[in-house]
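Read through the structure below, which is laid out as structure tokens, and then see the notes.
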């Protein structure tokens with residue numbers, strides 16, 4: 001140990017870490033050590049902001065926090081893919097705010113004091129973050145309610161918040177208020193610092209209101225000229241000068257074959273036979289709900305279908321059977337690989353939508369209270385007054401009337417209220433849902449139309465295990481021939497005759513391959529392997545077998561000068577061609593007195609443009625190079641040559657007009673638009689300055 005101490009003193013911390021890891025390798029399981037080393041690599045970071053690493057663990061902790069915040073705010077724990085993406089974006093934005101925005105704002109001298117935060121959260125200048133939050137709005141007026149906010153804060157600080165969720169949400173709101181204020185103040189540094197002096201405004205007005213009529217000769221470049229040469233040295237010099245223009249993100253060029261596991265003819269026939277064998281019981285069962293639960297992919301539903309809805313949701317054949325007066329069970333109808341038989345279980349005249357009112361009651365005596373109130377309403381009691389007195393739901397007041405929920409359809413409704421479409425008008429009844437007991441009344445409805453309730457016996461033909469094995473065997477044969485290499489992959493394509501899908505510039509965010517979605521495992525394999533490699537079988541969604549080959553890889557950074565040389569060659573050649581054409585036109589127009597003579601000498605054409613203005617916001621009638629030259633040219637004099645993008649111009653201003661349509665207010669509005677655009681660029685520029693790297697696509 002004495003030796004180790006001497007080494008530490010002499011060589012410092014770095015060598016000590018190396019020795020420590022070496023010693024650990026003798027006592028720690030190799031897999032554990034590998035994981036520890038792996039976690040130290042930036043490859044496994046979700047990102048980097050202003051030199052700070054955002055590890056996967058840190059990011060996931062933030063995602064968990066924002067997931068809880070979403071559950072509190074929405075009142076639901078249900079998350080679809082879109083919601084999960086929004087939560088991850090919020091978690092990432094939180095890191096950007098903390099590590100980048102607030103840091104840069106403070107470096108610029110921006111401060112948000114404690115007194116200011118108190119004023120924004122509980123004082124006289126409430127932040128929009130709180131004032132526009134539905135949780136703190138008056139249910140009757142929709143306006144911000146200081147009492148609602150005060151009650152929430154008192155409850156959070158009272159110790160009654162045993163779960164800590166209220167405290168978490170309040171901390172989140174306070175932090176959001178603080179961050180938003182930093183955004184406001186930092187943005188104000190740019191917007192308030194921009195001033196348009198009157199002399200500049202006057203100049204802009206004069207330029208926009210001065211228009212010219214121009215005659216000009218347009219001489220195109222001779223792209224067939226073979227005398228123009230561009231050297232490698234010139235290409236390299238241009239590349240060095242414009243290197244930032246050739247930044248690239250990481251990308252991969254690949255090819256892949258895919259075997260989709262689809263049901264065979266025997267699988268389809270077996271499914272048809274299976275559904276046919278159940279038709280008798282389908283027609284005679286006394287418990288349709290239980291029967292469908294055991295035998296059908298379509299659950300029992302009390303939905304009332306119109307003829308069009310049935311045709312759109314199932315098929316026109318089924319709609320014809322149900323609304324054609326047929327009784328009993330239908331024949332089996334096939335749509336793609338889906339087999340269906342139906343039975344009509346109800347017929348009625350049903351409106352598309354109804355206007356609903358309710359009084360919500362909760363607690364042990366909710367049902368008895370609901371029965372009593374239902375009787376009061378039936379005898380003429382004022383529904384709105386009763387809702388105001390007894391309903392737990394204080395937010396439902398459509399049209400300003402308490403208890404009014406508004407118009408409902410079978411699909412746009414409260415869970416448990418689907419049956420209100422068949423309720424009698426102005427006849428109250430009690431409805432029990434997961435929220436409590438409701439006194440419900442339908443007061444208006446659209447014109448009833450003929451609708452049907454149907455039970456649907458549905459089966460989809462699926463690949464059997466035998467079919468699955470057959471497709472796997474095909475994919476395995478291909479992968480075996482490929483042997484893990486791109487050359488082998490090409491041999492496998494030739495020998496099996498399967499189509500190879502080319503796909504260029506696969507990024508770490510790529511998740512879709514053709515019409516096949518949620519295939520991120522392919523992307524991960526591609527980025528874990530080098531060009532020239534081919535994969536074994538990669539299974540996607542349990543019914544696609546992929547074999548993938550990597551053709552080329554481009555890492556994040558700058559494109560190689562060899563790759564961009566052809567494009568640079570064209571840019572430089574075009575510049576030289578423009579310069580040459582300018583010189584040739586100047587020589588040919590020497591001594592000529594009219595544009596027509598110049599056009600004839602240069603094989604060009606004479607054109608005319610009106611209302612050419614240097615200022616203003618409209619699209620110019622000619623290209624900017626000519627607009628700028630016209631603005632400074634004397635009237636009535638032949639000028640040029642002027643180099644354009646692909647043309648050389650000789651021109652004469654024949655007339656100038658001065659108007660008054662563009663005002664000083666227009667000039668200031670234009671300037672304000674520029675300021676707003678600049679403000680939008682604050683965060684992107686800041687991200688570039690702080691070298692933000694967002695690697696989330698590697699993981700999600």
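Laboratory data are not the source of any read-out in this text; all were calculated from the coordinates shown. Note that the structure is a prediction, hence the values are computed from the model and not measured. Backbone-built Cβ (ideal geometry, glycine too); neighbour counts: all protein chains shown.
Assorted remarks:
- Computed from the alpha carbon atoms alone, the convex hull of region 354-446 holds 86 Å³ per residue.
- Inter-part distance where region 510-551 and region 618-688 are each reduced to a Cα centre, Å: 50
- Simple spin-label estimate for residue 76 and residue 668 in nanometres, 7 Å along Cα-Cβ: 4.7
- Highest-first arrangement of 628-637, 544-553, where packing means the average Cβ count within 10 Å: 544-553, 628-637
- With Cα atoms, 0 to 90° folded angle of helix 232-241 axis to the chain main axis: 60
- Fraction of alpha-carbon pairs over 23 Å apart in region 301-394 - percent: 52
- Cβ crowding within 10 Å, taken as a proxy for footprinting-reagent exposure, orders 118, 377, 199, 430 from fewest neighbours to most as 199, 118, 430, 377.
- Cα-projected label distance for residue 469 with residue 660, points at 7 Å along beta-carbon direction, nm: 9.3
- Segment residue 511-residue 565, length gained on full extension (0.36 nm per residue, minus Cα span): 16.3 nm
- For region 172-225, alpha-carbon Rg relative to the globular expectation (2.2 N^0.38 Å, N residues): 2.45
- Two-site label geometry, residue 635 and residue 384: point separation in nm, points 7 Å out along Cα→Cβ: 7.1
- Three principal axis extents of region 265-350 based on alpha-carbon atoms, in descending order, are 43, 28, 20 Å.
- Taking the fewest neighbouring Cβ atoms within 10 Å as the starting point, the ordered list for 339, 200 is 200, 339.
- Crossing angle, helix 366-378 versus the chain [Cα axis fit, 0-90 degrees, rounded to tens]: 90
- Distance distribution P(r), the chain, all Cα-Cα pairs, bin width 10 angstrom from 0: 2, 8, 11, 14, 17, 18, 15, 10, 4, 1, 0 percent.
- For region 179-287, alpha-carbon Rg over 2.2 N^0.38 Å: 2.78
- Range of Cα positions in region 108-191 per principal axis (Å), largest first: 43, 30, 18
- Counting every C-alpha pair in region 102-258, the share spaced more than 23 angstrom apart comes to 71%.
- 288, 100, 349 arranged by Cβ crowding within 10 Å, fewest neighbours leading: 349, 288, 100
- Taking the longest Cα principal axis of the chain as reference, the axis of helix 664-680 is set at about 70 degrees.
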